[in-house]
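Comments concern the structure below.
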Amino acid sequence: MTAGSALGLLREIEDVGRDRHRGGYSRHVFDDAERDLRDWFVERASGLGLDVSTDRNGNLWAWWGEPGPDAIVTGSHLDSVPGGGAHDGPLGVVSALAAIERLQQSGFAPTRPLAVVVFAEEEGSRFGIACLGSRLLTGALSVERAETLQDASGRRFGDVARDAGLHDFGADPEALARIGVFVELHVEQGKGLIDLDTPVGVGASILEHGRWRIDVRGQGNHAGTTALVDRRDPMLPAASAVLAARRAAAARSGSRATIGRVEPVPGGTNVIASRVSAWMDVRADSEQDTREIVAEVAAAVADAAAAEGCEATVIEESYSGEVRFDPALRGRIAATLGDVPALPTGAGHDAGVLAGYVPTAMLFVRNPSGVSHAPEEGADDAAIEAGVDALVRTLEELS
Ligand code: GLV
Ligand code: MN
Ligand code: MN
């Protein structure tokens, strides 16, 4: 069985995990859609003669040749944000399979082990921490912390993981030691390559980024009978957080702050909430800017909470420092590809986690919409072919 082109592979999974309600795709770690994608990956990778296994953290590995050490590893993820696009993650996986098939057909014999990896829960859409699979593998996230992470239904990661057969999740020094170099191909999530009018670039850096949960507690009550002066409505401080986040980010060049998820409890049109949780994503050029934005939002929420008779807390759920991809590796790849541009990004990636441990690089593929984490995310056929071509040449150069 052959893997076929990256475009053909993307078409094979175009109906998996479609979200009729939100639009786009919802594929979350260990849900039905994500399991279907895992099965599909195993079938496709096995069809290329690769040996497929799942590591202790639920990451899938498909090996061409004996596993490690000093392996060249490429791949990405198959999970999505809620209502996400078709390319964030899957493009890197299908391109890796297509590249390996192309290398096999050309008679190429790798001098180092080569593997395709599919990292688990890259988006953190189910358990709240992005790049969970790579953070666990590297030891960047402790078992104790992972154990208690909860999904929206209150299920703990530890229980879900054990149900999925992962009885021993946590740092995996053997898996990490096998990775000699990691290259992740990814759809571009901004407009850099559109502006440069070129289909492929290499990653230069990733912004500092983190996630914070803002909890505001008030008094649940009746929307019709509770006079305004008698209310302790936690939605007001939550609303002040949304506005403060925009204000604080706008005051610091290159920064972004987003509240994309708000959960009022109990959540009824005619009910003043008793509690509101809001999740804030902050990204900036420096840790100082990031911390200042969070502090400013926390102060605005505290003021609004005091005025409304509510209590507020702000909890850091995750933090990642700035990533600068290995300059020597980036230069080598750019030269191999004919001096393609180097682009910074505000998006997080498993490559960003691994960059703290092994030489790591990223290839970006032009996205004509410039939109990502939404159904309009895309990549034109010619750019996808150029991306696969770039990955083939990169793997050849590194072998
Ligand atoms: C992942 O795509 C992120 O940047 O949050
Ligand atoms: Mn993403
Ligand atoms: Mn991604």
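The values are calculated or read from the model by the stated rules, or taken from the named source; none is laboratory data. Everything numeric in this text was worked out from a predicted model, so none of it was measured. Using ideal geometry, Cβ is built from the backbone for each residue, glycine included, and neighbour counts are taken over all protein chains shown. Just the protein is used for accessible areas: all its heavy atoms, side chains included, with ligands, DNA and RNA removed. Shrake-Rupley method; radii C 1.70, N 1.55, O 1.52, S 1.80 Å.
This model, with +1 at the C-beta of Lys and Arg and -1 at the C-beta of Asp and Glu, gives the chain a dipole about its Cα centre of some 640 debye. Using a probe of 1.4 Å, the accessible surface attributed to residue 279 totals some 50 Å² when neighbouring protein chains are kept in position.
Axis angle, to the nearest 10 degrees, between helix 32-47 and the longest C-alpha principal axis of the chain: 10 degrees. Taking Cα centre as origin and charging only the Cβ of basic (Lys, Arg, +1) and acidic (Asp, Glu, -1) residues, the dipole magnitude of segment 208-320 rounds to 280 debye.
Between the alpha-carbon centres of segment 106-158 and segment 288-308 there is a gap of 32 Å.
Anyone know which of 322, 377, 311 comes out most mobile in the 10 Å Cα GNM of the chain? Comparing 322, 377, 311 in the GNM, the peak value goes to 311.
Remark: the residue 270-residue 7 segment gains 89.8 nm on full extension, using 0.36 nm per residue and subtracting the alpha carbon distance. The C-alpha atoms of segment 72-126 occupy a region whose extents along the principal axes are 41, 18, 8 Å, arranged from largest to smallest. The share of Cα pairs per 5 Å bin across segment 208-320, counted from zero up to the longest distance, runs 2, 14, 24, 22, 16, 11, 7, 4, 2, 0 percent. Using helices alone, what [θ] at 222 nm do you get for the chain, with -39,500 (n - 2.57) per DSSP H run of 4 or more residues, divided over all residues and rounded to the nearest 500? Helix contribution divided over all residues of the chain: -10500 deg cm²/dmol. Taking a Cβ cut-off of under 15 Å around residue 107, the surrounding Lys, Arg, Asp and Glu residues balance to a net charge of -1, with basic ones at +1 and acidic ones at -1.
Using only side-chain charges placed at the Cβ, +1 for Lys and Arg and -1 for Asp and Glu, the dipole size of segment 178-260 relative to its Cα centre rounds to 380 debye. Seen from every direction in turn and averaged, the convex hull around the alpha carbons of the chain projects onto 19.4 nm². For the chain, the longest principal axis of the alpha carbon atoms and the long axis of helix 235-250 meet at an angle near 50°.
Taking a ≥ b ≥ c as the square roots of the eigenvalues of the Cα gyration tensor, an a/c ratio of 1.5 or more together with a/b no larger than b/c marks segment 87-210 as oblate. Think of the chain as having a plus end and a minus end, set by charges on the Cβ of Lys, Arg, Asp and Glu; of 143, 6, 264, 264 sits farthest toward the positive end of this dipole. Taking all protein chains as they are arranged and a probe of 1.4 Å, the heavy atoms of residue 7 leave approximately 40 Å² accessible to solvent. Could you give the angle, 0 to 90 degrees to the nearest 10, between helix 381-398's Cα long axis and the longest principal axis of the Cα atoms of the chain? Helix 381-398 sits at roughly 60 degrees to that axis.
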